[in-house]
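Data first, discussion second: the structure below is written as C-alpha coordinates.
The values are calculated or read from the model by the stated rules, or taken from the named source; none is laboratory data. Computed from a predicted structure; not experimentally measured. So basically every Cβ, Gly included, is an ideal-geometry build from the backbone, and we count neighbours across all protein chains shown. For the accessible areas, the whole protein counts, side chains as well, though only heavy atoms, and no ligand, DNA or RNA atoms are used. Shrake-Rupley method; radii C 1.70, N 1.55, O 1.52, S 1.80 Å.
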Amino acid sequence: MGLYLKLAFGNVRRSARDYSVYFATLGFAACLLYSFVASSDYLNRLDLSPDQMGVVASSGDILQAFSIFTVLVFLFLVRYANRFLLRRRSREFALYKLVGMDRGAVSCILVMETACVGVLALALGVLLGVALSPAFGAITAFVFDVPWRPMVVFSSQSAVWTSGCFAAVFALNAYDGARIIGRRPLIELIAAERAPEVASTGGRLARGVQVAVAAALLAVVWGACVFQPVYFIAFIIPMGFAACFATALVARIVVTGWAARARRRTERYWWGLRAFTVRQVEARVASSSMALACVCVLIAVSVCMMVAGFAFSVGMRTPELVSQGLATSMAPIGFIGIFYGSVFLLSAVAVLSLQQLSGAADARHAYASLAKLGCERADMALSVRKQVLLCFAAPFAGAMVHDVFGLFLVAFLAFALGTSGFFAITGGVLLFTAALLAVYGVLTSLAVERLCLADA
(Lines give C-alpha, C1' and ligand atoms only; values in the text may rest on other atoms or scores of the structure.)
Protein backbone atom coordinates (compact mmCIF):
# COMPACT_ATOMS: atom_id res chain seq x y z
CA MET A 1 0.00 0.00 0.00
CA GLY A 2 2.87 2.37 0.76
CA LEU A 3 4.31 1.74 -2.70
CA TYR A 4 0.97 2.48 -4.34
CA LEU A 5 0.62 5.72 -2.35
CA LYS A 6 4.12 6.84 -3.33
CA LEU A 7 3.41 6.01 -6.96
CA ALA A 8 0.11 7.93 -6.83
CA PHE A 9 1.74 11.08 -5.41
CA GLY A 10 4.49 10.85 -8.00
CA ASN A 11 1.95 10.56 -10.80
CA VAL A 12 0.09 13.65 -9.57
CA ARG A 13 3.29 15.71 -9.50
CA ARG A 14 4.40 14.46 -12.90
CA SER A 15 0.96 14.90 -14.50
CA ALA A 16 0.32 18.36 -13.06
CA ARG A 17 -0.62 19.71 -16.49
CA ASP A 18 -3.12 16.89 -17.11
CA TYR A 19 -4.56 17.27 -13.61
CA SER A 20 -4.86 21.07 -13.91
CA VAL A 21 -8.19 20.85 -15.77
CA TYR A 22 -9.57 18.33 -13.31
CA PHE A 23 -8.17 20.29 -10.37
CA ALA A 24 -9.62 23.60 -11.55
CA THR A 25 -13.05 22.04 -12.20
CA LEU A 26 -13.15 20.56 -8.71
CA GLY A 27 -11.93 23.85 -7.22
CA PHE A 28 -14.72 25.82 -8.89
CA ALA A 29 -17.25 23.24 -7.69
CA ALA A 30 -16.01 23.48 -4.10
CA CYS A 31 -16.08 27.28 -4.16
CA LEU A 32 -19.60 27.33 -5.57
CA LEU A 33 -20.98 24.78 -3.12
CA TYR A 34 -19.39 26.48 -0.12
CA SER A 35 -20.62 29.93 -1.18
CA PHE A 36 -24.15 28.57 -1.61
CA VAL A 37 -24.46 27.40 1.97
CA ALA A 38 -22.44 30.24 3.51
CA SER A 39 -24.67 32.90 1.94
CA SER A 40 -26.90 32.90 5.03
CA ASP A 41 -23.90 34.04 7.08
CA TYR A 42 -23.53 37.11 4.86
CA LEU A 43 -27.15 37.97 5.57
CA ASN A 44 -26.72 37.53 9.32
CA ARG A 45 -23.88 40.06 9.34
CA LEU A 46 -26.14 42.82 7.96
CA ASP A 47 -28.65 44.94 9.85
CA LEU A 48 -31.78 43.44 8.32
CA SER A 49 -35.29 44.14 9.49
CA PRO A 50 -37.38 41.39 11.11
CA ASP A 51 -39.54 41.21 7.97
CA GLN A 52 -36.48 40.64 5.78
CA MET A 53 -35.08 37.97 8.08
CA GLY A 54 -38.48 36.26 8.09
CA VAL A 55 -38.51 36.09 4.31
CA VAL A 56 -34.95 34.76 4.33
CA ALA A 57 -35.94 32.02 6.76
CA SER A 58 -39.00 31.08 4.72
CA SER A 59 -36.88 30.76 1.54
CA GLY A 60 -34.71 28.03 3.04
CA ASP A 61 -36.41 25.25 1.06
CA ILE A 62 -35.73 27.06 -2.22
CA LEU A 63 -32.08 27.54 -1.27
CA GLN A 64 -31.77 23.87 -0.43
CA ALA A 65 -33.30 22.86 -3.75
CA PHE A 66 -30.85 25.03 -5.68
CA SER A 67 -27.96 23.66 -3.62
CA ILE A 68 -28.93 20.07 -4.42
CA PHE A 69 -29.40 20.95 -8.08
CA THR A 70 -25.91 22.50 -8.12
CA VAL A 71 -24.36 19.38 -6.59
CA LEU A 72 -25.98 17.19 -9.23
CA VAL A 73 -24.99 19.48 -12.10
CA PHE A 74 -21.38 19.57 -11.00
CA LEU A 75 -21.44 15.81 -10.58
CA PHE A 76 -21.95 15.60 -14.35
CA LEU A 77 -19.30 18.23 -15.05
CA VAL A 78 -16.71 16.62 -12.76
CA ARG A 79 -17.52 13.25 -14.30
CA TYR A 80 -16.67 14.73 -17.70
CA ALA A 81 -13.34 16.04 -16.41
CA ASN A 82 -12.62 12.68 -14.78
CA ARG A 83 -13.25 10.78 -18.01
CA PHE A 84 -11.06 13.21 -19.94
CA LEU A 85 -8.25 12.51 -17.50
CA LEU A 86 -8.70 8.76 -17.83
CA ARG A 87 -8.55 9.02 -21.60
CA ARG A 88 -5.34 11.04 -21.46
CA ARG A 89 -3.61 8.56 -19.16
CA SER A 90 -5.06 5.30 -20.44
CA ARG A 91 -1.76 4.23 -21.99
CA GLU A 92 -0.05 4.68 -18.63
CA PHE A 93 -2.60 2.40 -16.96
CA ALA A 94 -2.06 -0.14 -19.74
CA LEU A 95 1.66 -0.18 -18.93
CA TYR A 96 0.82 -0.89 -15.27
CA LYS A 97 -1.07 -3.98 -16.39
CA LEU A 98 1.74 -5.03 -18.71
CA VAL A 99 4.30 -5.03 -15.88
CA GLY A 100 2.12 -7.38 -13.84
CA MET A 101 -0.24 -5.23 -11.76
CA ASP A 102 -3.70 -6.70 -11.38
CA ARG A 103 -6.91 -4.73 -11.83
CA GLY A 104 -7.27 -4.07 -8.10
CA ALA A 105 -3.81 -2.52 -7.84
CA VAL A 106 -4.38 -0.22 -10.83
CA SER A 107 -7.77 0.83 -9.44
CA CYS A 108 -6.17 1.50 -6.03
CA ILE A 109 -3.58 3.81 -7.59
CA LEU A 110 -6.29 5.65 -9.53
CA VAL A 111 -8.43 6.12 -6.41
CA MET A 112 -5.44 7.46 -4.46
CA GLU A 113 -4.57 9.91 -7.23
CA THR A 114 -8.16 11.14 -7.44
CA ALA A 115 -8.34 11.50 -3.65
CA CYS A 116 -5.12 13.53 -3.58
CA VAL A 117 -6.33 15.94 -6.23
CA GLY A 118 -9.82 16.09 -4.70
CA VAL A 119 -8.59 17.02 -1.22
CA LEU A 120 -6.33 19.75 -2.60
CA ALA A 121 -9.11 21.13 -4.80
CA LEU A 122 -11.58 21.07 -1.90
CA ALA A 123 -9.18 23.04 0.32
CA LEU A 124 -8.50 25.57 -2.45
CA GLY A 125 -12.19 25.95 -3.26
CA VAL A 126 -13.19 26.62 0.35
CA LEU A 127 -10.31 29.09 0.78
CA LEU A 128 -11.37 30.84 -2.42
CA GLY A 129 -14.95 31.03 -1.15
CA VAL A 130 -13.75 32.57 2.12
CA ALA A 131 -11.50 35.03 0.27
CA LEU A 132 -14.40 36.10 -1.96
CA SER A 133 -16.80 36.53 0.97
CA PRO A 134 -16.31 40.34 1.02
CA ALA A 135 -17.42 40.48 -2.62
CA PHE A 136 -20.47 38.33 -1.85
CA GLY A 137 -21.14 40.60 1.12
CA ALA A 138 -21.04 43.62 -1.21
CA ILE A 139 -23.69 42.00 -3.41
CA THR A 140 -25.80 41.39 -0.32
CA ALA A 141 -25.51 45.00 0.87
CA PHE A 142 -26.38 46.30 -2.60
CA VAL A 143 -29.51 44.19 -2.88
CA PHE A 144 -30.76 45.10 0.60
CA ASP A 145 -29.74 48.75 0.15
CA VAL A 146 -27.78 48.85 3.41
CA PRO A 147 -24.25 50.12 4.16
CA TRP A 148 -21.48 47.67 3.28
CA ARG A 149 -18.36 47.02 5.25
CA PRO A 150 -15.68 44.58 4.06
CA MET A 151 -15.60 41.45 6.17
CA VAL A 152 -14.24 37.95 5.70
CA VAL A 153 -16.77 35.27 6.66
CA PHE A 154 -15.94 31.64 7.37
CA SER A 155 -18.69 29.12 8.09
CA SER A 156 -17.58 25.82 9.61
CA GLN A 157 -20.99 24.26 8.96
CA SER A 158 -20.80 25.23 5.28
CA ALA A 159 -17.29 23.80 5.02
CA VAL A 160 -18.46 20.51 6.56
CA TRP A 161 -21.46 20.32 4.21
CA THR A 162 -19.25 21.05 1.20
CA SER A 163 -16.78 18.38 2.31
CA GLY A 164 -19.58 15.83 2.60
CA CYS A 165 -20.91 16.64 -0.88
CA PHE A 166 -17.41 16.53 -2.27
CA ALA A 167 -16.77 13.14 -0.66
CA ALA A 168 -19.90 11.77 -2.34
CA VAL A 169 -18.92 13.21 -5.73
CA PHE A 170 -15.38 11.88 -5.32
CA ALA A 171 -16.59 8.41 -4.36
CA LEU A 172 -18.87 8.16 -7.41
CA ASN A 173 -16.19 9.38 -9.81
CA ALA A 174 -13.49 7.17 -8.27
CA TYR A 175 -15.76 4.14 -8.65
CA ASP A 176 -16.59 5.13 -12.22
CA GLY A 177 -12.91 5.54 -13.12
CA ALA A 178 -11.87 2.25 -11.53
CA ARG A 179 -14.70 0.46 -13.33
CA ILE A 180 -13.71 1.93 -16.72
CA ILE A 181 -10.02 1.08 -16.33
CA GLY A 182 -10.75 -2.37 -14.96
CA ARG A 183 -13.09 -3.58 -17.67
CA ARG A 184 -11.17 -2.28 -20.72
CA PRO A 185 -8.73 -4.63 -22.46
CA LEU A 186 -5.10 -3.61 -22.99
CA ILE A 187 -5.48 -2.83 -26.67
CA GLU A 188 -8.26 -0.32 -25.98
CA LEU A 189 -6.30 1.37 -23.19
CA ILE A 190 -3.23 1.75 -25.40
CA ALA A 191 -5.20 3.28 -28.28
CA ALA A 192 -7.76 5.28 -26.24
CA GLU A 193 -5.84 8.58 -26.29
CA ARG A 194 -5.81 8.75 -30.08
CA ALA A 195 -9.07 6.93 -30.75
CA PRO A 196 -11.54 9.22 -32.56
CA GLU A 197 -14.98 9.86 -31.12
CA VAL A 198 -17.95 10.05 -33.44
CA ALA A 199 -21.28 11.64 -32.60
CA SER A 200 -23.44 8.69 -33.65
CA THR A 201 -27.19 9.09 -33.28
CA GLY A 202 -28.10 5.78 -34.90
CA GLY A 203 -30.36 5.21 -37.87
CA ARG A 204 -33.41 7.12 -39.00
CA LEU A 205 -35.69 5.36 -36.49
CA ALA A 206 -33.31 6.03 -33.61
CA ARG A 207 -33.02 9.68 -34.57
CA GLY A 208 -36.79 9.94 -34.78
CA VAL A 209 -37.15 8.50 -31.29
CA GLN A 210 -34.54 10.92 -29.93
CA VAL A 211 -36.30 13.87 -31.55
CA ALA A 212 -39.61 12.77 -30.06
CA VAL A 213 -38.09 12.33 -26.59
CA ALA A 214 -36.36 15.72 -26.74
CA ALA A 215 -39.53 17.44 -27.95
CA ALA A 216 -41.63 15.81 -25.20
CA LEU A 217 -39.19 16.76 -22.45
CA LEU A 218 -38.89 20.35 -23.66
CA ALA A 219 -42.67 20.62 -23.97
CA VAL A 220 -43.03 19.51 -20.34
CA VAL A 221 -40.34 21.90 -19.08
CA TRP A 222 -41.40 24.92 -21.11
CA GLY A 223 -45.11 24.24 -20.65
CA ALA A 224 -44.75 23.97 -16.88
CA CYS A 225 -42.69 27.17 -16.81
CA VAL A 226 -45.36 29.15 -18.66
CA PHE A 227 -48.64 27.52 -17.62
CA GLN A 228 -47.86 25.84 -14.28
CA PRO A 229 -45.12 27.93 -12.62
CA VAL A 230 -45.90 26.57 -9.15
CA TYR A 231 -45.26 23.00 -10.29
CA PHE A 232 -42.16 24.12 -12.18
CA ILE A 233 -40.65 25.60 -9.01
CA ALA A 234 -41.75 22.65 -6.87
CA PHE A 235 -40.12 20.15 -9.25
CA ILE A 236 -37.20 22.32 -10.33
CA ILE A 237 -34.60 19.53 -9.89
CA PRO A 238 -36.26 16.97 -12.21
CA MET A 239 -37.13 19.84 -14.56
CA GLY A 240 -33.47 20.81 -14.68
CA PHE A 241 -32.40 17.26 -15.46
CA ALA A 242 -35.06 16.97 -18.15
CA ALA A 243 -33.84 20.22 -19.73
CA CYS A 244 -30.20 19.03 -19.64
CA PHE A 245 -31.01 15.65 -21.17
CA ALA A 246 -33.21 17.14 -23.89
CA THR A 247 -30.61 19.80 -24.71
CA ALA A 248 -27.90 17.13 -25.02
CA LEU A 249 -30.09 15.14 -27.42
CA VAL A 250 -30.80 18.24 -29.48
CA ALA A 251 -27.08 19.11 -29.63
CA ARG A 252 -26.10 15.67 -30.91
CA ILE A 253 -28.92 15.58 -33.45
CA VAL A 254 -28.23 19.09 -34.74
CA VAL A 255 -24.47 18.55 -35.05
CA THR A 256 -24.95 15.21 -36.81
CA GLY A 257 -27.37 16.78 -39.28
CA TRP A 258 -25.11 19.80 -39.80
CA ALA A 259 -22.11 17.55 -40.52
CA ALA A 260 -24.14 15.41 -42.95
CA ARG A 261 -25.30 18.49 -44.87
CA ALA A 262 -21.75 19.85 -44.96
CA ARG A 263 -20.43 16.59 -46.46
CA ARG A 264 -23.06 16.63 -49.20
CA ARG A 265 -21.70 19.97 -50.43
CA THR A 266 -18.44 18.38 -51.55
CA GLU A 267 -16.83 21.40 -53.20
CA ARG A 268 -17.18 23.56 -50.10
CA TYR A 269 -16.56 20.68 -47.70
CA TRP A 270 -13.08 19.98 -49.08
CA TRP A 271 -12.12 23.64 -49.27
CA GLY A 272 -9.39 24.64 -46.81
CA LEU A 273 -9.71 22.95 -43.43
CA ARG A 274 -13.50 22.81 -43.38
CA ALA A 275 -13.55 18.99 -43.40
CA PHE A 276 -11.10 18.91 -40.50
CA THR A 277 -13.09 21.53 -38.55
CA VAL A 278 -16.36 19.64 -39.03
CA ARG A 279 -14.72 16.43 -37.83
CA GLN A 280 -13.29 18.13 -34.75
CA VAL A 281 -16.68 19.60 -33.82
CA GLU A 282 -18.30 16.18 -34.20
CA ALA A 283 -15.72 14.62 -31.89
CA ARG A 284 -16.14 17.40 -29.33
CA VAL A 285 -19.92 16.99 -29.21
CA ALA A 286 -19.61 13.20 -29.05
CA SER A 287 -17.46 13.37 -25.93
CA SER A 288 -19.08 16.30 -24.12
CA SER A 289 -22.69 16.77 -25.24
CA MET A 290 -24.01 16.38 -21.68
CA ALA A 291 -21.40 18.78 -20.30
CA LEU A 292 -22.30 21.37 -22.95
CA ALA A 293 -25.99 20.86 -22.16
CA CYS A 294 -25.35 21.42 -18.45
CA VAL A 295 -23.49 24.63 -19.25
CA CYS A 296 -26.34 25.74 -21.50
CA VAL A 297 -28.93 25.16 -18.77
CA LEU A 298 -26.72 26.87 -16.19
CA ILE A 299 -26.49 29.97 -18.38
CA ALA A 300 -30.26 29.98 -18.95
CA VAL A 301 -30.98 29.63 -15.23
CA SER A 302 -28.43 32.31 -14.32
CA VAL A 303 -29.97 34.84 -16.72
CA CYS A 304 -33.48 34.25 -15.35
CA MET A 305 -32.28 34.44 -11.76
CA MET A 306 -30.28 37.65 -12.26
CA VAL A 307 -33.17 39.33 -14.07
CA ALA A 308 -35.53 38.28 -11.28
CA GLY A 309 -33.01 39.38 -8.66
CA PHE A 310 -32.63 42.89 -10.04
CA ALA A 311 -36.35 43.16 -10.80
CA PHE A 312 -37.32 42.24 -7.23
CA SER A 313 -34.73 44.49 -5.60
CA VAL A 314 -33.61 47.51 -7.66
CA GLY A 315 -36.78 47.46 -9.77
CA MET A 316 -38.97 47.81 -6.68
CA ARG A 317 -37.31 50.89 -5.19
CA THR A 318 -40.09 53.22 -6.25
CA PRO A 319 -41.69 55.48 -3.61
CA GLU A 320 -45.01 53.68 -3.88
CA LEU A 321 -43.60 50.17 -3.39
CA VAL A 322 -41.25 51.33 -0.64
CA SER A 323 -44.14 52.88 1.27
CA GLN A 324 -46.11 49.65 0.97
CA GLY A 325 -43.19 47.61 2.31
CA LEU A 326 -42.94 45.44 -0.81
CA ALA A 327 -39.40 46.56 -1.59
CA THR A 328 -38.23 45.50 1.87
CA SER A 329 -40.03 42.15 1.88
CA MET A 330 -38.84 41.21 -1.64
CA ALA A 331 -35.19 42.13 -1.11
CA PRO A 332 -34.23 38.61 0.10
CA ILE A 333 -35.69 37.14 -3.07
CA GLY A 334 -33.66 39.66 -5.05
CA PHE A 335 -30.56 38.60 -3.16
CA ILE A 336 -31.16 34.94 -3.97
CA GLY A 337 -31.53 35.72 -7.67
CA ILE A 338 -28.50 37.99 -8.04
CA PHE A 339 -26.17 35.96 -5.83
CA TYR A 340 -26.95 32.52 -7.20
CA GLY A 341 -27.43 33.75 -10.75
CA SER A 342 -24.04 35.44 -10.89
CA VAL A 343 -22.31 32.41 -9.35
CA PHE A 344 -24.07 30.11 -11.82
CA LEU A 345 -22.96 32.27 -14.75
CA LEU A 346 -19.33 32.60 -13.66
CA SER A 347 -19.12 28.88 -13.01
CA ALA A 348 -20.70 28.01 -16.36
CA VAL A 349 -18.32 30.12 -18.43
CA ALA A 350 -15.32 28.98 -16.39
CA VAL A 351 -16.18 25.32 -16.87
CA LEU A 352 -16.84 25.94 -20.57
CA SER A 353 -13.39 27.48 -20.89
CA LEU A 354 -11.80 24.58 -19.03
CA GLN A 355 -13.62 22.18 -21.30
CA GLN A 356 -12.13 23.78 -24.41
CA LEU A 357 -8.65 23.77 -22.89
CA SER A 358 -8.96 20.08 -22.10
CA GLY A 359 -10.01 19.33 -25.67
CA ALA A 360 -6.98 21.22 -26.97
CA ALA A 361 -4.69 18.55 -25.52
CA ASP A 362 -6.38 15.86 -27.63
CA ALA A 363 -6.29 18.00 -30.79
CA ARG A 364 -2.59 18.80 -30.47
CA HIS A 365 -1.51 15.62 -32.29
CA ALA A 366 -3.95 16.31 -35.11
CA TYR A 367 -2.61 19.83 -35.71
CA ALA A 368 0.96 18.55 -35.59
CA SER A 369 0.06 16.09 -38.36
CA LEU A 370 -1.48 18.91 -40.40
CA ALA A 371 1.72 20.91 -40.05
CA LYS A 372 3.77 17.96 -41.32
CA LEU A 373 1.48 17.77 -44.33
CA GLY A 374 2.27 21.41 -45.14
CA CYS A 375 -0.81 23.18 -43.81
CA GLU A 376 -0.39 26.90 -43.18
CA ARG A 377 -0.37 28.00 -39.55
CA ALA A 378 -2.88 30.77 -40.32
CA ASP A 379 -5.40 28.20 -41.63
CA MET A 380 -4.96 26.04 -38.53
CA ALA A 381 -5.38 29.06 -36.25
CA LEU A 382 -8.59 29.98 -38.10
CA SER A 383 -9.91 26.44 -37.59
CA VAL A 384 -9.18 26.67 -33.84
CA ARG A 385 -11.00 29.99 -33.54
CA LYS A 386 -14.04 28.67 -35.40
CA GLN A 387 -14.30 25.65 -33.13
CA VAL A 388 -13.98 27.66 -29.91
CA LEU A 389 -16.44 30.28 -31.19
CA LEU A 390 -18.99 27.59 -32.00
CA CYS A 391 -18.57 25.88 -28.61
CA PHE A 392 -19.19 29.21 -26.84
CA ALA A 393 -21.95 30.46 -29.13
CA ALA A 394 -24.00 27.25 -29.20
CA PRO A 395 -24.64 27.02 -25.41
CA PHE A 396 -25.47 30.73 -25.34
CA ALA A 397 -27.93 30.35 -28.24
CA GLY A 398 -29.55 27.34 -26.55
CA ALA A 399 -29.77 29.26 -23.27
CA MET A 400 -31.56 32.12 -25.03
CA VAL A 401 -34.17 29.66 -26.34
CA HIS A 402 -34.75 28.36 -22.81
CA ASP A 403 -34.90 31.95 -21.52
CA VAL A 404 -37.74 32.84 -23.86
CA PHE A 405 -39.96 30.77 -21.59
CA GLY A 406 -38.13 31.42 -18.34
CA LEU A 407 -38.22 35.19 -18.75
CA PHE A 408 -41.91 35.00 -19.61
CA LEU A 409 -42.52 33.69 -16.08
CA VAL A 410 -40.22 36.30 -14.53
CA ALA A 411 -41.91 39.09 -16.50
CA PHE A 412 -45.37 37.96 -15.38
CA LEU A 413 -44.34 38.06 -11.72
CA ALA A 414 -42.48 41.36 -12.11
CA PHE A 415 -45.38 43.19 -13.74
CA ALA A 416 -47.83 41.70 -11.23
CA LEU A 417 -45.77 43.24 -8.41
CA GLY A 418 -45.39 46.58 -10.18
CA THR A 419 -41.66 46.37 -10.95
CA SER A 420 -40.25 49.23 -12.98
CA GLY A 421 -37.58 49.07 -15.68
CA PHE A 422 -37.99 45.36 -16.39
CA PHE A 423 -36.95 45.55 -20.04
CA ALA A 424 -33.91 47.67 -19.21
CA ILE A 425 -32.91 45.15 -16.54
CA THR A 426 -33.36 42.25 -18.96
CA GLY A 427 -31.34 43.98 -21.66
CA GLY A 428 -28.55 44.79 -19.23
CA VAL A 429 -28.32 41.21 -17.95
CA LEU A 430 -28.32 39.78 -21.48
CA LEU A 431 -25.65 42.25 -22.57
CA PHE A 432 -23.52 41.40 -19.54
CA THR A 433 -23.89 37.67 -20.21
CA ALA A 434 -22.96 38.04 -23.88
CA ALA A 435 -19.97 40.26 -23.02
CA LEU A 436 -18.71 37.83 -20.39
CA LEU A 437 -18.97 34.90 -22.80
CA ALA A 438 -17.20 36.94 -25.50
CA VAL A 439 -14.31 37.83 -23.19
CA TYR A 440 -13.93 34.25 -22.00
CA GLY A 441 -14.24 33.04 -25.59
CA VAL A 442 -11.45 35.30 -26.85
CA LEU A 443 -9.12 34.43 -23.98
CA THR A 444 -9.89 30.73 -24.34
CA SER A 445 -9.35 30.87 -28.10
CA LEU A 446 -5.89 32.38 -27.62
CA ALA A 447 -4.98 29.77 -25.01
CA VAL A 448 -6.32 26.87 -27.09
CA GLU A 449 -4.47 28.18 -30.13
CA ARG A 450 -1.19 28.19 -28.21
CA LEU A 451 -1.78 24.64 -26.97
CA CYS A 452 -2.92 23.17 -30.28
CA LEU A 453 -0.25 24.79 -32.41
CA ALA A 454 2.66 24.33 -30.00
CA ASP A 455 4.08 21.50 -32.14
CA ALA A 456 2.95 22.93 -35.50
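In region 314-456, Rg over Rh equals 1.19, where Rg is the alpha-carbon radius of gyration and Rh the Kirkwood radius from pairwise Cα distances. On a per residue basis, region 353-433 carries 48 Å² of accessible surface, using protein heavy atoms and a 1.4 Å probe. Under 22 Å from the Cα of residue 386, which lysines turn up, not counting those fewer than eight places away in the same chain? Of all the lysines, those that pass the test against residue 386 - Cα under 22 Å, at least 8 places apart if same chain - are 372. With r defined as the distance between the Cβ atoms of residue 393 and residue 320 and R0 fixed at 45 Å, what FRET efficiency is calculated, to the nearest 0.05? E between residue 393 and residue 320, to the nearest 0.05, is 0.60. Taking all C-alpha pairs of region 353-422, those more than 20 Å from each other amount to 55 percent. Computed extension gain for residue 119 through residue 179, at 0.36 nm per residue and net of the alpha carbon distance, reaches 19.5 nm. Shown is the FRET efficiency for residue 446 and residue 416, computed with R0 = 51 Å from the Cβ-Cβ distance and rounded to the nearest 0.05: 0.65. Protein-only accessible surface at a 1.4 angstrom probe places the residues 340, 96 in the order 96, 340, largest first. For region 275-338, the solvent-accessible area with a 1.4 angstrom probe is 27 square angstrom per residue.
Heavy atoms only, probe 1.4 angstrom, no DNA, RNA or ligands counted: give me 269, 231 ranked by accessible area, highest first. Don't skip to the end; give the middle numbers.
Numbers: 269 15, 231 130 Å².
Largest to smallest exposure gives the sequence 231, 269.
In region 271-388, the C-alpha radius of gyration followed by the widest Cα-Cα span (Dmax) gives 22.2, 73 angstrom. Surface composition of region 327-450: carbon and sulfur atoms hold 76% of the protein heavy-atom accessible area at a 1.4 Å probe.
Tell me the carbon and sulfur percent of the accessible area for region 244-324, rounded to whole percent, probe radius 1.4 Å. Please report the intermediate quantities before stating the final value.
Working: 2150 of 3430 Å².
Summing carbon and sulfur atoms, their accessible area is 63 percent of the total for region 244-324.
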